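Colleague: Just dropping this structure here.
The values are calculated or read from the model by the stated rules, or taken from the named source; none is laboratory data. Small disclaimer: the values here were computed from a predicted structure and weren't measured. In this analysis, Cβ positions are derived from the backbone assuming ideal geometry, glycine residues included, and neighbour counts consider all displayed protein chains.
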Amino acid sequence: MKHARTAGGVRGGEIPRSETIAYHDIAVRRALRASFMCLMIVCASTWAAPGVVRFQDLNTAFGLSLWQGDSLWTANERDVGKQLGWPEESRTTTLASYRVYAKEDMRVLGARPYSLALYAEKGRVTQISMVFANSGDRCRLKQFERDTQAIEAALKPLLGEPTQTFFGQTRKIRYKVRRWNWKGHAILLETPENYVGVRVVPAELADREGRAEVIAYQQLRDTLSQRVKKRENGDVLITEIPMVDQGPKGYCAPATWERYLRYIGIQADMYVLALAGQTQAGGGTSANVMFESVEALARRNGRRFEQLNLALTVSNLAKYIDKGFPLMWGVFFDPGVDKRISARSKERLTVTDWKAWPEKLKDARNVSKVGPKMLRMPDSPGGEVSNGHIRMIVGYNAKTGEIAISDSWGKHFEERWATAEEARAMTQHETAFWNVRW
């Protein structure tokens with residue numbers, strides 16, 4: 001007897017075995033499909049679709065807890081600094097930075113970093129700078145190659161092949177970079193002749209090759225004048241200058257120039273300035289080469305610097321300090337003199353009788369006790385002085401005849417006070433001053 005079949009199935013007897021298997025397979029497939037869809041829904045928060053790079057993946061590749069979400073630029077900079085465990089280096093009303101000089105066993109992107117820095121403005125991260133092998137550490141060419149290969153090996157599996165572009169604002173600090181993009185971030189691998197670096201910047205900044213938006217002349221001038229503070233004891237002091245710790249390499253000139261440039265709204269990096277200025281470990285910067293690099297960078301950002309011929313007197317300094325312009329200052333460094341300045345500056349914090357204070361400065365005004373033989377040492381053939389140092393003049397006190405000096409050695413050296421006589425004795429020469437040209 002034949003079976004009659006309807007559109008809905010089989011009627012009048014047993015289903016043939018072949019059809020039973022077919023229906024069984026369909027049921028299994030439907031069950032598996034339903035189970036898979038449920039599993040995808042449940043696990044959506046922890047699974048990423050193929051080809052999608054999560055911020056956790058980048059953190060793993062970097063070996064750092066850098067990202068807290070999909071945008072580094074909207075994260076609170078204090079939270080990011082705390083998450084990274086990098087010490088706060090500087091803080092002003094608007095600017096902040098964090099910096100760590102890495103230990104030998106630390107690895108980032110599979111390579112050993114030397115300096116790691118985070119820059120921030122108005123509570124938000126603006127840039128991450130990482131320096132690996134560099135000529136300041138007398139690294140060999142093979143180390144440059146190893147670091148470059150390690151960094152590429154960490155990023156390519158996640159972000160693919162990089163594009164080739166340029167970054168940097170002047171001839172000496174403009175270079176080809178390998179660029180990866182991720183959700184508004186540009187990750188730049190910099191490999192000029194003298195260092196290997198990685199920079200994380202907003203994509204739009206990378207699109208402009210690092211050129212920042214220029215602040216209007218009058219707006220900047222008004223801002224700087226508001227940073228001058230006057231104290232009851234007669235101190236006139238420029239505030240809001242970011243601190244940069246020159247670190248173990250003794251990069252005093254690059255660090256101090258970075259401070260000045262950031263003070264007037266130009267993004268700068270101590271390590272890049274050092275290498276552009278041919279600075280070696282332990283210092284040894286050519287002042288002329290460094291100034292050429294800084295001047296070119298300033299022009300690119302709508303500013304000009306000038307070298308001054310200046311007799312160091314309180315009245316001459318006041319012309320600049322009163323407008324909010326610190327002075328870059330080339331000096332001969334004497335450890336004994338510096339210790340006396342530090343001790344006296346500490347005592348100065350406790351002074352209550354300011355009329356009696358000038359009497360305590362008599363010995364410091366006696367230039368014969370400053371040690372001129374130690375302060376005057378011959379220049380080297382390369383143009384740098386054997387005990388040369390760069391610091392800033394950031395204030396004065398006309399009543400006491402003192403000037404405020406600032407060194408790039410950390411927060412404890414932001415403000416110290418020397419007599420004008422000490423300052424003149426340690427000045428390299430009358431043209432050892434640099435300032436923004438207005």
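Colleague: If I filter the range 200-219 for residues that are touching a Ser or Thr at 6+ places or on another chain (Cβ under 6 Å) and modelled with pLDDT of 90 or more, do I get at least one hit? If you could, list the steps in order and put the result at the bottom.
Modeller: Initial filter on the range 200-219 (touching a Ser or Thr at 6+ places or on another chain (Cβ under 6 Å)): none.
Checked the range 200-219: no residue is touching a Ser or Thr at 6+ places or on another chain (Cβ under 6 Å) and modelled with pLDDT of 90 or more.
Colleague: Filter the range 389-433 for residues that are more than 21 Å from the chain's Cα centre (by Cα) and of a type in the set (Val, Ile, Thr); which is farthest from Ala274 (Cα to Cα)? Step through it out loud before you land on a result.
Modeller: Going through the range 389-433, the residues more than 21 Å from the chain's Cα centre (by Cα) turn out to be 389, 393-405, 415-433.
Subsequent filtering for residues that are of a type in the set (Val, Ile, Thr) retains 393-394, 400, 403, 405, 419, 427, 431.
On the way: Ile393: 21, Val394: 23, Thr400: 36, Ile403: 28, Ile405: 22, Thr419: 30, Thr427: 22, Thr431: 22 Å.
Ranking the candidates gives Thr400 first.
Colleague: Looking at Gly247, Gly197, can you tell me which residue is buried (at least 17 other Cβ atoms within 10 Å of the Cβ) and either on the phi > 0 side of the Ramachandran plot or in the same structural domain as Phe325 (by TED's automatic domain parsing) (or both)? Steps first, answer last, please.
Modeller: On the way: Gly197 fails: either on the phi > 0 side of the Ramachandran plot or in the same structural domain as Phe325 (by TED's automatic domain parsing) (or both).
From the options Gly247, Gly197, the qualifying one is Gly247.
Colleague: Which ranges mark the strands (runs of 3 or more DSSP E) fully within the range 389-438 that have 2 or more residues being touching a residue at least 60 places away in the same chain (Cβ under 8 Å) and in contact with a Gly (Cβ under 8 Å, 6 or more places away or on another chain)?
Modeller: Numbers: elements: 402-406, 416-419, 433-436.
By residue number, 402-406.
Colleague: Mind listing just one residue for me: the one in the range 284-331 that is farther than 13 Å from Ile403 by Cα and of a type in the set (Val, Ile, Thr) and, of those, surrounded by the fewest Cβ atoms within 10 Å (Cβ to Cβ)?
Modeller: Val289
Colleague: Additional query: Taking the range 48-95 on its own, how many of its residues are part of a helix (DSSP H, G or I) and either surrounded by fewer than 15 Cβ atoms within 10 Å (Cβ to Cβ) or touching an Asp or Glu at 6+ places or on another chain (Cβ under 9 Å) (or both)?
Modeller: The first filter runs over the range 48-95 and keeps only residues part of a helix (DSSP H, G or I), leaving 55-62, 77-84.
Filter once more, so that each one left must be either surrounded by fewer than 15 Cβ atoms within 10 Å (Cβ to Cβ) or touching an Asp or Glu at 6+ places or on another chain (Cβ under 9 Å) (or both): 55-56, 60, 77-79, 81-82.
Number of matching residues: 8.
Colleague: Regarding the range 309-329, can at least one residue be identified that is among the β-branched types (Val, Ile, Thr), in contact with a His (Cβ under 8 Å, 6 or more places away or on another chain) and within 30 Å of Thr223 (Cα to Cα)? Lay out the reasoning, then the answer.
Modeller: So in the range 309-329, the residues among the β-branched types (Val, Ile, Thr) come out as 313-314, 321.
Now restrict to residues that are in contact with a His (Cβ under 8 Å, 6 or more places away or on another chain): none.
So far as the range 309-329 goes, no, none of its residues is among the β-branched types (Val, Ile, Thr), in contact with a His (Cβ under 8 Å, 6 or more places away or on another chain) and within 30 Å of Thr223 (Cα to Cα).
Colleague: Which of the following residues is more than 17 Å from Asp334 (Cβ to Cβ) and at pLDDT below 90: Gly401, Gly382? Even if it seems obvious, please write down each step before you answer.
Modeller: Working: Gly401 fails: at pLDDT below 90.
Within the list Gly401, Gly382, the selection yields Gly382.
Colleague: Further question on the same structure: For Met106, which of the numbered conditions (1) more than 20 Å from Val272 (Cα to Cα); (2) touching a Leu at 6+ places or on another chain (Cβ under 8 Å) fails to hold?
Modeller: Against the list (1) more than 20 Å from Val272 (Cα to Cα); (2) touching a Leu at 6+ places or on another chain (Cβ under 8 Å), Met106 comes up short only on (2).
Colleague: Taking the stated definitions as given, is Gly160 over 24 Å from Arg112 (Cα atoms), at pLDDT 95 or above and surrounded by fewer than 17 Cβ atoms within 10 Å (Cβ to Cβ)?
Modeller: No, not satisfied.
Colleague: For the range 333-367, which residues satisfy the criterion of being within 19 Å of Glu414 (Cα to Cα), aliphatic (A, V, I, L, M) and either outside the structural domain of Ala418 (by TED's automatic domain parsing) or not in a loop (DSSP other than H, G, I, E, B) (or both)?
Modeller: Those that are within 19 Å of Glu414 (Cα to Cα), aliphatic (A, V, I, L, M) and either outside the structural domain of Ala418 (by TED's automatic domain parsing) or not in a loop (DSSP other than H, G, I, E, B) (or both): Val337, Ile341, Ala343.
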